[in-house]
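The values are calculated or read from the model by the stated rules, or taken from the named source; none is laboratory data. Just so it is clear, the model here is predicted, and its values are computed rather than measured. Cβ atoms come from the backbone with ideal geometry, glycine included; neighbour counts cover every protein chain shown.
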Amino acid sequence: MGYSDTSLPFGSADAGAHALDSDFVRDQLVPRTLDLNGKTYRPDGEYVLYWMQSTHRLDENWGLRAAIRTANRVNLPLVIHQGLDPTYPHASDRHHTFILQGARDTARHADQLGLHYQFVLRRRRDDDRRVLDRLAARAYVVFTDLFPTAGVRERTERLAERVNCRVLAVDSVCTVPSGTFTKPEFAARTIRPKIAKLLDVALEPVRDEVPRVPLSDGLRASLRDTIAAGGGLAPLAIASLTDDDIAREVTACEIDHTVPAVPQHGGSMAAQDRFAHFLRDGLRHYDEQRNEAGNGEGTSRLSPYLHYGQIASARVVREARARRGDVGATAADLEAFVQQVTTWRELSYNWCVRTRHFDQLAALPDWIQRTMAAHVNDARPHLYDLDELERAATSDRLWNASQHELVSQGIIHNYPRMLWGKTMLLWTESYEQARAWMFHLNDKYALDGRDPNSVGGIMWCLGLWDRSWGNKPVWGGLRPMVTHRAKMKFDVDGYIARVRGTRLI
């Protein structure tokens, strides 16, 4: 089994006969849950294991909800396990710091709720890699996150093959359960009405349960022994770490130390603060100012927190709806924001979950294949090498500012980000080189790199979900976007001045 096929067995009959009873149906879990291996539950399992991979929070976490309800039904304790190792692509101080800051908030929240949460940090590449296997070998069932990018899909499928118990992956990303869509959607216009039809029901609050069976002191000690068995690793006392402590831990990791952490803090608390700021100051102007990059306040800047699951998209939509009148936002402001949080993010998730090789040119529609083939040998206006692009050493001030913002802040404002990607089609030797370099730069520096939404954004630059726009050199039928026309959309000089105020590493 697995979740790389176009047709996914969400809420399969076999899964429904065991873990997904009528309560779960009412709570949306059937269309969110995928049985990855079809194996049985282990009758002698000592606990239910929730492997936290991409949803780094405890509230509105559908995988955790499923794990808790299953644990309560079979009278077993719950174990929440999260790990971080140095081997993921572009592992760096930037990404490690953001994740560790998030784990600190998760650990503190778990302490408040009385949940057993353990965080294991592998500092060296040759540290023990089998901690999760040993934990899963003692579990009744393993729940984890249904996430198609950032290596989560591959890690989950490998575990599902190795272990001798059922592994269930649960979508906690989408506001409307992803399993309600049975095929890849072809454009925002096709998925938008389907989401709108289900959105109100999907936003209904769900009461979270707490585990009824506590973790005994003996089992807690035994878990520590299981973690340490392959090389002496131990759960990190993450809840008590200061920012300086986290910086020291990151320094000790075998990762890329040339990409430093950014001022923007990670974690659910920082996500809440950022969202509160946006509700107060940004939502009421969103429809008119979301493309205005000059002041930097036209967008929510929540994408890093949504990527790491440090805030729930459903919560964002629900609270924006509730606060619209209080903050003076119009119906158009709210609708534009909801479309960004739901339609575009969930279109990207749908594409990545249901499309093989979702980040490759071969996955693009036939009309794009034809236009690329017709224009592959067109002369480019200018060619830069990857080093020049990475250093923002081009002749285009606006593009350089966008790259500078990416490198220094880990994020690019939405509209400059589209121009950033589109312009690279003009400066690289081939469409494949443009695609590869866009992913390289985005995933290395962006806090929301390797996210379905950033995959969708890059592939959109290459024509995904779009129509043909004529027939021009290099562009072919792809939608052209050029930086010299950006002044028609936003205050370019203001954006460049703002970005120049940040230090480039």
Check: Mind checking which residues of the range 372-399 are under 26 Å from Trp469 (Cβ atoms) and under 31 Å from the mean Cα position of the chain (by Cα)?
Finding: Met372, Tyr384, Leu389, Thr394, Asp396, Arg397, Leu398, Trp399
Note to self: Could you go through the range 76-83 and let me know if any residue there is farther than 21 Å from Ala221 by Cα, among the hydrophobic types (A, V, I, L, M, F, W, C) and within 25 Å of the chain's Cα centre (by Cα).
What the structure shows: no
Item checked: Pairs, first closer than 20 Å to Leu306 by Cα in the range 145-168, second among the small types (Gly, Ala, Ser), C-beta under 6 Å, six or more apart -> Asp145/Ser54; Asp145/Gly63; Leu146/Ala169; Phe147/Ser54; Val152/Ser54
Next item on the list: Test His81 against the stated conditions and say whether it is over 20 Å from Gly45 (Cβ atoms) and either modelled with pLDDT of 95 or more or surrounded by fewer than 23 Cβ atoms within 10 Å (Cβ to Cβ) (or both).
Entry: no
Next item on the list: Select, from Gly457, Gly449, the only residue that is outside any loop (DSSP other than H, G, I, E, B) and either touching a residue at least 60 places away in the same chain (Cβ under 8 Å) or crowded, with 21+ Cβ neighbours inside 10 Å (or both).
Entry: Gly457
Notebook entry, point to check: Do you know which residues across the range 158-179 are more than 15 Å from Tyr50 (Cα to Cα) and either under 12 Å from the mean Cα position of the chain (by Cα) or not β-branched (Val, Ile, Thr) (or both)?
Noted result: Arg158, Glu161, Arg162, Asn164, Val173, Cys174, Pro177, Ser178, Gly179
Next item on the list: Please enumerate the residues belonging to the range 354-368 that are polar (S, T, N, Q) and loosely packed, with under 15 Cβ neighbours inside 10 Å.
Entry: Gln360
Check: What is the one condition in (1) more than 30 Å from Asp93 (Cβ to Cβ); (2) modelled with pLDDT of 95 or more; (3) hydroxyl-bearing (Ser, Thr, Tyr) that Thr428 does not satisfy?
Finding: (1)
Margin query: Quick test of your reading of the structure: Met418 fulfils all but one of (1) within 24 Å of Thr97 (Cβ to Cβ); (2) out of contact with any Lys or Arg (no Cβ under 7 Å at 6 or more places or on another chain); (3) in a helix (DSSP H, G or I); (4) of a type outside the set (Lys, Arg). Name the failing condition by number.
Written below: (1)
Next item on the list: Would you check which residues across the range 360-387 are aliphatic (A, V, I, L, M) and either closer than 15 Å to Trp460 by Cα or in a helix (DSSP H, G or I) (or both) and list them?
Entry: Leu361, Ala362, Ala363, Leu364, Ile368, Met372, Ala373, Ala374, Leu386
Margin query: Could you list, ordered by first residue, the pairs with Cβ atoms under 7 Å in which the first is in the range 232-260 and within 11 Å of Arg123 (Cβ to Cβ) and the second is in a loop (DSSP other than H, G, I, E, B) and of a type in the set (A, V, I, L, M), at least 6 apart or interchain?
Written below: Ile255/Ala91
Check: Are any residues in the range 326-382 of a type in the set (Gly, Ala, Ser) and more than 22 Å from Ile191 (Cα to Cα), and if so, which ones?
Finding: Gly328, Ala329, Ala362, Ala373, Ala374, Ala379
Check: If the Cβ limit is 6 Å and pairs must be 6+ apart or interchain, which residue in the range 78-103 that is in contact (Cβ under 8 Å) with a residue 40 or more places away in the chain pairs with which residue that is of a type in the set (Phe, Trp, Tyr) and not in a helix (DSSP H, G or I)?
Finding: Val79/Tyr47; His81/Trp51; Gly102/Tyr308; Ala103/Phe119
Notebook entry, point to check: What number of residues in the range 229-238 are closer than 10 Å to Val131 by Cα and surrounded by 15 or more Cβ atoms within 10 Å (Cβ to Cβ)?
Noted result: 1
Note to self: Return the residues of the range 187-203 that are in contact with a helix residue (DSSP H, G or I) (Cβ under 7 Å, 6 or more places away or on another chain) and not in a helix (DSSP H, G or I); say none if nothing qualifies.
What the structure shows: Leu203
Notebook entry, point to check: Does at least one position in the range 89-98 carry a residue that is assigned to a loop (DSSP other than H, G, I, E, B), modelled with pLDDT of 95 or more and touching a Cys at 6+ places or on another chain (Cβ under 9 Å)?
Noted result: yes
Next item on the list: Being among the polar types (S, T, N, Q) and buried (at least 23 other Cβ atoms within 10 Å of the Cβ) is the filter here, so list the residues in the range 107-145 that pass it.
Entry: Thr144
